[in-house]
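K.L.:
Take this structure, written in structure tokens, and hold onto it; I'll ask about it next.
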Amino acid sequence: MKKITVLLSALCMAAMMPATSQAQGQFKLVEQSLNDPDNTPLPVFPVPSERQVKWNETEFYAFFHYGMDTYTGEEWGSGLESESKFAPTKVPNPMQWLKAAQSAGMKGGIAVVKHHDGFCLWPTATTDHCVTSSSSENAKKTNVPKDFADAARQLGMKYGFYISPWDMSSKYWGESDGKGGYTDNYAKKVFLPQCVELAKYGNEQFEMWFDGATGGDHAGGYGSKTSTSKRTIDDAQTYYDIPNLRDSIHNLLPDAVMWGVGGEARWIGNEEGHAGETNWAMGDAESGDENGWKWHPGESDAKATTGGWFWKSYEQVLSAERLFQMYLETVGRNATLILNLPPDRSGELPQATVNRMAELGKLLTDRLGTDLALKANIKVSETRDAGANRNYEATNMIDSEKDTYWAPNDGTTSATITLTWDEAQTVRYVSLMEYIRLGQRVKSFTVETSEDGVNFTQRASNVKTTTIGYKRIIPLNGMTASSYGTGYKAKAVRITINDSKACPLIHTLSVY
């Protein structure tokens, strides 16, 4: 039983009551008792929405930059390209793309279906600058969002689309209203209708990706004869009518997180595949903000190849070891990883990319596929009293259930968790997950191992073991570039939570 003080209907009553009644002190504070039969810990705000939780659970997914730039060799086209420049040597094959991503351990993918040049990879009623206007027969048969969504559903993967708000091909983008501002023609006639068209390819979409580019000093675009004209906007939120867009998309796609201008997930601050060792799911950039007022988790976009975001003939694929390092520094640091795999001019991924994804998947399985914690004995310094329908036992951390967690009592902000085995195990990584539905809490922790079960040595002492969040993976040797090593013999692993914003809630503890 918890007691809270509440102000009963103050705002509503203020609007209805005459001033004389208010002056006579009609408002009063009353004490109300609320039942909490499950003894649930109070949330630490902010907390994620249900769609943000599902998005975080995706963890690792692919980016597929493909479009007009694949055929021009550009990264940011001008919007002036002839539609017939888009000429795939085969009909693009999103099934092949997604199978390669799945072999790497990815749970989904996002296809670029319109980049800044404005060329649309589906038949659209909003512009002629699209696949149906190309003279290529393979282009005319192209419908990337349809084929991508169909393939994802068949493979049991999540899917979403990148649609650039900036459109260099549209006469409406940045159109002046003659009064020092802009018309709303682009949002109403082009951008919002395109988003609605894409929503119709499946309401299971988990993310809609909106780049934040707004023109700036980049040259080219509609109305330019010399490719040197420049158009820009100064307020993307207003210009793209983001509040209306957000409501419309969420009505059509209840699980779709709007990345970028949508404000539901943030850019981690670099394109190199690393997040901050300290990383709060609030605020901005690599480390977030412990005191941020809204849930704003980080996504790390990175390239699996040495070229650009779009395919280049000279590019090579990064090594599986380097990609594994990216995984540790993103997924292992409370971010998601969206890894770019660019299809070539055939509309398929090069075989070298396909092979490397399979290698990466094997590394992830070999290194993080056998959880030694599942056969350990687990003890904690304190356990919260069970409720009528829920308990908070230590074994909740190793039960593989999504909605259970270990918790100590209210007011406890430091605690220990100890795993022991009868026989020494070779250990290399420790993974921790908080129960983020009730907020991110842990501010400091340490990891130790013991070869004899009695004497403990701190591991990864050079790592900032501060935040955990959705997931934190600690290489015990303190290195992400050469994390596997020889490992450590251990009959015990001890995690000490040194500080937490409120009682820590650990959802899963794994040892590899």
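K.L.:
Pull out all pairs, ordered by first then second residue, where Cβ-Cβ is under 6 Å, the residues are six or more apart or on different chains, the first lies in segment 456-469 and is without any contact (Cβ under 8 Å) to a residue 40 or more places away in the chain and at negative phi, and the second is in a loop (DSSP other than H, G, I, E, B) and surrounded by 19 or more Cβ atoms within 10 Å (Cβ to Cβ).
P.N.:
R459/L476
K.L.:
For the structure I just gave you, tell me whether K464 is out of contact with any Phe, Trp or Tyr (no Cβ under 9 Å at 6 or more places or on another chain), in a strand (DSSP E or B), among the charged types (D, E, K, R) and surrounded by fewer than 19 Cβ atoms within 10 Å (Cβ to Cβ). If you could, list the steps in order and put the result at the bottom.
P.N.:
Working: out of contact with any Phe, Trp or Tyr (no Cβ under 9 Å at 6 or more places or on another chain): yes; in a strand (DSSP E or B): no; among the charged types (D, E, K, R): yes; surrounded by fewer than 19 Cβ atoms within 10 Å (Cβ to Cβ): yes.
Judged against the criteria, K464 is not a match.
K.L.:
Tell me, which residue of segment 229-264 that is part of a helix (DSSP H, G or I) and of a type in the set (V, I, T) is most open to solvent (accessible area, probe 1.4 Å)?
P.N.:
Let us first name the residues in segment 229-264 that are part of a helix (DSSP H, G or I), namely 236-239, 242-252.
Of the ones still in play, those that are also of a type in the set (V, I, T) are 238, 242, 249.
On the way: T238: 100, I242: 0, I249: 2 Å².
Here the answer is T238.
K.L.:
Tell me which residues, restricted to segment 183-197, are within 19 Å of P243 (Cβ to Cβ) and in a helix (DSSP H, G or I). Before the answer, list the steps.
P.N.:
If we filter segment 183-197 for residues that are within 19 Å of P243 (Cβ to Cβ), which is where we start, we get 183-196.
Correct list: N185, Y186, A187, K188, K189, V190, F191, L192, P193, Q194, C195, V196.
K.L.:
Which residue pairs have Cβ atoms under 7 Å apart, sit 6 or more places apart or on different chains, and have a first residue in segment 481-501 that is under 19 Å from K464 (Cβ atoms) and a second that is assigned to a loop (DSSP other than H, G, I, E, B) and open to solvent by less than 10 Å² (accessible area, probe 1.4 Å)?
P.N.:
Between residues of segment 481-501 that are under 19 Å from K464 (Cβ atoms) and residues that are assigned to a loop (DSSP other than H, G, I, E, B) and open to solvent by less than 10 Å² (accessible area, probe 1.4 Å), the close pairs are I497/P504; S500/R441; K501/R441.
K.L.:
Just checking, does segment 331-338 include any residue being in contact (Cβ under 8 Å) with a residue 40 or more places away in the chain, part of a helix (DSSP H, G or I), out of contact with any strand residue (DSSP E or B) (no Cβ under 6 Å at 6 or more places or on another chain) and farther than 30 Å from D422 by Cβ?
P.N.:
No: zero hits.
K.L.:
Can I ask one more? Identify, by number, the condition in (1) among the small types (G, A, S); (2) modelled with pLDDT of 95 or more; (3) under 21 Å from the mean Cα position of the chain (by Cα) that A213 doesn't meet.
P.N.:
Of everything listed in (1) among the small types (G, A, S); (2) modelled with pLDDT of 95 or more; (3) under 21 Å from the mean Cα position of the chain (by Cα), A213 misses just condition (2).
K.L.:
Any idea which residue in segment 373-402 is most open to solvent (accessible area, probe 1.4 Å), counting only those that are outside any loop (DSSP other than H, G, I, E, B) and among the basic types (K, R)? Explain how you work it out, then say what you get.
P.N.:
Let us first name the residues in segment 373-402 that are outside any loop (DSSP other than H, G, I, E, B), namely 373-375, 377-380, 394-398.
Remaining after also requiring among the basic types (K, R): 375, 379.
Numbers: K375: 134, K379: 151 Å².
That would be K379.
K.L.:
Criterion first (more than 23 Å from A460 (Cβ to Cβ), touching a helix residue (DSSP H, G or I) at 6+ places or on another chain (Cβ under 6 Å) and either open to solvent by 10 Å² or more (accessible area, probe 1.4 Å) or assigned to a loop (DSSP other than H, G, I, E, B) (or both)) does W311 satisfy it?
P.N.:
Answer is yes for this residue.
K.L.:
Can you tell me which residues in segment 357-368 are open to solvent by 50 Å² or more (accessible area, probe 1.4 Å) and under 15 Å from V427 (Cβ atoms)?
P.N.:
Selection gives D366 alone.
K.L.:
Next question, about the same structure. Sort through T418, T365 and tell me the only one that's among the β-branched types (V, I, T) and part of a strand (DSSP E or B).
P.N.:
Working: T365 fails: part of a strand (DSSP E or B).
Sole residue among the options that is among the β-branched types (V, I, T) and part of a strand (DSSP E or B): T418.
K.L.:
Across segment 141-182, what is the number of residues that are open to solvent by 60 Å² or more (accessible area, probe 1.4 Å), in contact with a Phe, Trp or Tyr (Cβ under 9 Å, 6 or more places away or on another chain) and not in a loop (DSSP other than H, G, I, E, B)?
P.N.:
5
K.L.:
Which of the numbered conditions does V131 fail, given that it passes all the others? Conditions: (1) crowded, with 21+ Cβ neighbours inside 10 Å; (2) over 30 Å from the mean Cα position of the chain (by Cα).
P.N.:
Of everything listed in (1) crowded, with 21+ Cβ neighbours inside 10 Å; (2) over 30 Å from the mean Cα position of the chain (by Cα), V131 misses just condition (2).
K.L.:
Considering each of Y488, Y470 in turn, give the residue that is open to solvent by 30 Å² or more (accessible area, probe 1.4 Å) and at pLDDT 95 or above.
P.N.:
On the way: Y470 fails: open to solvent by 30 Å² or more (accessible area, probe 1.4 Å).
Sole residue among the options that is open to solvent by 30 Å² or more (accessible area, probe 1.4 Å) and at pLDDT 95 or above: Y488.
K.L.:
A further question follows. In this structure, does T420 turn out to be touching a Cys at 6+ places or on another chain (Cβ under 6 Å) and either aromatic (F, W, Y) or modelled with pLDDT of 95 or more (or both)?
P.N.:
Judged against the criteria, T420 is not a match.
K.L.:
With the checklist (1) farther than 16 Å from A335 by Cβ; (2) open to solvent by 10 Å² or more (accessible area, probe 1.4 Å) in hand, flag the one item V430 doesn't pass.
P.N.:
(2)
K.L.:
Considering only residues that are touching a residue at least 60 places away in the same chain (Cβ under 8 Å) and on the phi < 0 side of the Ramachandran plot, which ones fall in segment 403-413?
P.N.:
Filtering segment 403-413 for residues touching a residue at least 60 places away in the same chain (Cβ under 8 Å) gives 404-413.
Correct list: T404, Y405, W406, A407, P408, N409, D410, T412, T413.
K.L.:
From the list T278, T238, which residue is out of contact with any helix residue (DSSP H, G or I) (no Cβ under 8 Å at 6 or more places or on another chain) and closer than 30 Å to Y172 by Cα? Spell out the reasoning first.
P.N.:
On the way: T278 fails: closer than 30 Å to Y172 by Cα.
Criteria check complete, one pass: T238.
K.L.:
In segment 45-105, which helices (runs of 4 or more DSSP H) lie fully inside it and hold 1 or more residues that are buried (at least 23 other Cβ atoms within 10 Å of the Cβ) and in contact with a His (Cβ under 7 Å, 6 or more places away or on another chain)?
P.N.:
Values: elements: 50-58, 68-72, 94-103.
Counting at least 1 such residues, we get 68-72.
K.L.:
I would also like to ask the following. Looking only at segment 421-457, count how many residues are of a type in the set (F, W, Y) and part of a strand (DSSP E or B).
P.N.:
In the first step, residues of segment 421-457 are kept if they are of a type in the set (F, W, Y); the result is 421, 429, 435, 445, 456.
Restricting the remaining residues to those that are part of a strand (DSSP E or B) gives 421, 429, 445.
Adding up the residues that qualify gives 3.
K.L.:
Counting just the residues of segment 265-295 that are within 16 Å of S49 (Cβ to Cβ) and open to solvent by less than 20 Å² (accessible area, probe 1.4 Å), which one comes out nearest to the chain's Cα centre (by Cα)?
P.N.:
Filtering segment 265-295 for residues within 16 Å of S49 (Cβ to Cβ) gives 265-266, 281-282, 292-295.
After this cut, where a residue has to be open to solvent by less than 20 Å² (accessible area, probe 1.4 Å) as well, the list is 265-266, 281-282, 292, 295.
On the way: A265: 6, R266: 8, A281: 10, M282: 13, G292: 18, W295: 12 Å.
Among those residues, the one meeting the criterion is A265.
The values are calculated or read from the model by the stated rules, or taken from the named source; none is laboratory data. All of these numbers come straight from a predicted model, not from anything done at the bench. Here the Cβ is made from the backbone with ideal geometry for all residues, glycine too, and neighbour counts use every protein chain on show. Side chains included, ligands, DNA and RNA excluded: accessible areas come from the protein's heavy atoms. Shrake-Rupley method; radii C 1.70, N 1.55, O 1.52, S 1.80 Å.
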